[in-house]
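Let me begin by presenting the structure, written as structure tokens, before commenting on it.
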Amino acid sequence: MNENFQNDSADALGEATFKTRRTRWQRLRIELKKAPPTAIFGMLVIITYIFVAIFAPLLAPYGEADNSFAALLPWGDGHLFGTDQIGRDIFSRLIYGTRNTMGIAFVTTLLAFVIGCGLGLISAINQSWLDQLISRAVDVLMAIPALIFALMMLSIFGSSVTSLIIIIAVLDSTRVFRLTRAVAVGVVVMDYVEAARLRGEGLGWVMRQEVLPNIMPPLVAEFALRFCFVFLTIAALSFLGLGIQPPAADWGSMVRETANMIQFANFDFKASLTPLLPAAAIALITVSVNFVADWLLQISSGLRDEH
């Protein structure tokens, strides 16, 4: 009897399954396997752009501002996409433009999130006169068209890279503030946040340890979307002549500089396509980031498409 009981117990233990907590890398691999084709395409494009931005000096055949060549050379003959009106290699400037445009857009978006998330968390936790003061200031900034305000500020403070980053980051942080405050208000009333405050934890500790981890998914998705808007804003300002200044390569300014080549369509069709190259680079990264952002929103919301 005892032997049978021991055998049954051993079989039950052998058949029992013990669930172990998946690591973050394992959860990421599972989500990547379930990712839609659009998200995979977007991630491949983003990885390619990052690779080109990091190794731009090694990938570009010529220097960023090297104008030692003849102006308006056709495609080929040592210049894949020809040269511009002052003799700079278009292909090399496209590669360097990846580093300049994406790098500045990333730093600007990161600064906008530091400002917006910080103020949004403070307003959500301290819903007093400080919340009203910050919210009304944000409302005033959001009431002004962002592009017009940026043009005015850059005209006053100059079109340096530092001014460009700070001005766009402050303007874009208003959108981040609204989202952060909206999602954080529902978290700060939770019991565990109240318990932390009653224990005497400081504002910074509550923000970092209790509130921020619980609102991170929508913020991650918003970061991707904000990056697109910042990226397009920088390109628009550069096209208008107040963004990234020459001789630095930038896709927005490259569209402006090569726009007159469209009139060569009757004589050299390839040359007329030159302005479309930086425009296509802008469109491709924007669409790719949006694909990834949509996927992140699906993951954070728990929604799945049923087919």
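A short reminder: the numbers here are calculations on the coordinates, not readings from a lab. Predicted, not measured: the structure shown is a model, and the values here were computed from it. Counting neighbours? That spans all protein chains shown, and the Cβs are built from the backbone with ideal geometry, glycine included.
Roughly how many debye, to the nearest 20, is the charge dipole of the range 184-257 about its Cα centre, given +1 on each Lys and Arg Cβ, -1 on each Asp and Glu Cβ, and no other charges?
Details: 5 positive and 7 negative charges, 17 e Å.
Approximately 80 debye in magnitude.
Got the relative contact order for the range 158-307 handy, in percent, Cα pairs under 8 Å and 6 or more residues apart?
This gives 23 percent for the range 158-307.
If R0 is 35 Å, what FRET efficiency do you get for residue 34 and residue 259 from their C-beta distance, rounded to 0.05?
With a Förster radius of 35 Å, E is 0.20.
Considering only 55, 233, 165, whose Cα is most displaced toward the positive end of the charge dipole of the chain, charges sitting on Cβ of Lys, Arg (+1) and Asp, Glu (-1)?
Going by the Cα projections, it comes out as 165.
For residue 199, what is the net charge nearby, where nearby means another residue's Cβ is under 14 Å from its Cβ and Lys, Arg count +1, Asp, Glu -1? Could you put the intermediate results ahead of the total?
Numbers: positive: 197; negative: 191, 194, 201, 210.
Every neighbour counted, the sum reads -3.
Please sort 283-294, 152-163 by packing, taking for each peptide the average over its residues of neighbouring beta carbons within 10 angstrom, highest first.
Top to bottom by mean Cβ count within 10 Å: 283-294, 152-163.
Mind pulling the angle between the C-alpha long axis of helix 24-33 and the longest principal axis of the chain? Nearest 10 degrees, somewhere in 0 to 90.
60 degrees
Rounded to the nearest 500 deg cm²/dmol, what is the calculated helix-only ellipticity per residue at 222 nm for the chain, with -39500 (n - 2.57) per DSSP H run of length n ≥ 4? Mind showing how you got there, number by number?
Working: 14 runs with 211 residues, N = 307.
After summing the helix terms and dividing by residue count, I get -22500 deg cm²/dmol.
Compute the relative contact order of the range 149-234 as a whole-number percentage, counting only Cα pairs closer than 8 Å that sit 6 or more residues apart in sequence.
Reported relative contact order: 28 percent.
Quick one: which of 233-241, 127-135, 210-218 comes out on top by average Cβ neighbours within 10 Å, and what's the full order, highest first?
Output ranking for 233-241, 127-135, 210-218: 233-241, 210-218, 127-135.
For the chain, what does the alpha-carbon gyration tensor say about shape, rounded, prolate or oblate, given a ≥ b ≥ c as the root eigenvalues, a/c under 1.5 as rounded, and a/b over b/c as prolate? Don't skip to the end; give the middle numbers.
Details: a/c = 3.21, a/b = 1.52, b/c = 2.11.
Because a/c hits 1.5 or more and a/b fails to exceed b/c, the chain counts as oblate.
Charges only on Cβ, +1 for Lys and Arg, -1 for Asp and Glu: so what's the dipole of the range 125-206 about the Cα centre, in debye to the nearest 20?
The dipole of the range 125-206 has a size of about 100 debye.
Using the Cα centre of the chain as the reference point, and only Cβ charges (+1 on K/R, -1 on D/E), how large is the resulting charge dipole? Debye, rounded to the nearest 20.
360 debye
Within the range 165-196, name every residue whose backbone N is under 12 Å away from a label modeled 7 Å from Cα of residue 127 along the Cβ vector.
Counting only backbone N, you get 182-190.
Given DSSP loops and a limit of at most 15 other Cβ atoms within 10 Å, what is the longest stretch of the chain that contains no such trypsin sites (Lys or Arg not before Pro)?
Here the longest segment lacking exposed loop sites spans 35-198.
If you average the sequence gap of Cα pairs under 8 Å that are 6 or more apart and divide by the length of the range 23-162, what percent do you get for the contact order?
15 percent
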